[in-house]
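The values are calculated or read from the model by the stated rules, or taken from the named source; none is laboratory data. Note that the structure is predicted; figures quoted are calculated from it, not measured. All Cβ positions, glycine included, derive from the backbone under ideal geometry; neighbour counts span all protein chains shown. For accessibility, only protein heavy atoms count, side chains too; no ligands or nucleic acids. Shrake-Rupley method; radii C 1.70, N 1.55, O 1.52, S 1.80 Å.
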Amino acid sequence: EMTTAEIKDVLRQLAEAGSFFLTFSGGEVFLRRDFFELLEYARSLMFNVRIKTNGIMIRDGEAERLLQLGIEQVQISVYSHRAEIHDAITKVPGSFKRTIEAIRFLKSKGLRVLIANILMTANIGDQNGVHRLARELEVAYAVDPTITPMMDGNTSILNLRIGGGDLETVEAAARSAVPRT
């Protein structure tokens, strides 16, 4: 894991190279004790910052700091509109309920929230339900079929990827769900 100084150096280099958008992702970014120090540094470099989190560790104080720092968006993964599927994927009983509570809380604090529906073999049929859930919660929605190896190099998670034919079906359904003007 990189030190605070190492991450700040990378951020400085990215800013000098002209990067504008920056997404903090994990594991869970709020587990880092220096996370707000890194956010403050990134904002001082004028990055447009987005955060990927499960949202569960964000309370009033953290939400206020995110607002003060002008964070563009908080992205939260929702794997299914059905608690049993979401919880089975996260392997944490009750995680669906806590995730939905976190989304409602962040929205109530004025933060922009996006539900990312990470598609995999276990939830391939749940895309429309998650999209409806995002509309009910009045938050943005995006589909993400990207499954990558774990940080330790373990590739077993790649077995969860959906196949090419399923991906084409999902993409066609997403295109047809977009209102035409």
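Summary of values
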{"quantity": "Subset of region 56-80 [part of a loop (DSSP other than H, G, I, E, B) and over 18 Å from Leu22 (Cα atoms)]", "calculated": "Ile56, Met57, Ile58, Arg59, Val78, Tyr79, Ser80"}
{"quantity": "Condition check for Glu37: out of contact with any Lys or Arg (no Cβ under 7 Å at 6 or more places or on another chain), among the acidic types (Asp, Glu), closer than 16 Å to Arg112 by Cβ and touching a residue at least 12 places away in the same chain (Cβ under 8 Å)", "calculated": "no"}
{"quantity": "Residues of region 136-151 that turn out to be more than 24 Å from Gln68 (Cα to Cα), in contact (Cβ under 8 Å) with a residue 12 or more places away in the chain and open to solvent by 70 Å² or more (accessible area, probe 1.4 Å), as a count", "calculated": "2"}
{"quantity": "Long-range neighbours under 8 Å by Cβ, at least six apart or interchain, first residue more than 15 Å from Leu39 (Cβ to Cβ) and surrounded by 12 or more Cβ atoms within 10 Å (Cβ to Cβ) within region 6-26, second hydrophobic (A, V, I, L, M, F, W, C) and at pLDDT 95 or above", "calculated": "Ser19/Phe47"}
{"quantity": "Verdict on Asn54 being closer than 23 Å to Val143 by Cα, modelled with pLDDT of 95 or more, in contact with a strand residue (DSSP E or B) (Cβ under 9 Å, 6 or more places away or on another chain) and open to solvent by 20 Å² or more (accessible area, probe 1.4 Å)", "calculated": "no"}
{"quantity": "Boolean, Ala174 is of a type in the set (A, V, I, L, M, F, W, C), open to solvent by less than 80 Å² (accessible area, probe 1.4 Å), in a helix (DSSP H, G or I) and at pLDDT below 75", "calculated": "yes"}
{"quantity": "Lone unmet requirement of (1) farther than 24 Å from Thr148 by Cβ; (2) out of contact with any Lys or Arg (no Cβ under 6 Å at 6 or more places or on another chain); (3) of a type outside the set (Lys, Arg); (4) in a helix (DSSP H, G or I) for Glu6", "calculated": "(1)"}
{"quantity": "Number of the exception - Leu45 against (1) farther than 19 Å from Leu114 by Cα; (2) at pLDDT 95 or above; (3) open to solvent by 70 Å² or more (accessible area, probe 1.4 Å)", "calculated": "(3)"}
{"quantity": "Which listed residue is farther than 26 Å from Asn48 by Cα and either surrounded by 15 or more Cβ atoms within 10 Å (Cβ to Cβ) or touching a helix residue (DSSP H, G or I) at 6+ places or on another chain (Cβ under 8 Å) (or both), from Leu133, Leu114", "calculated": "Leu133"}
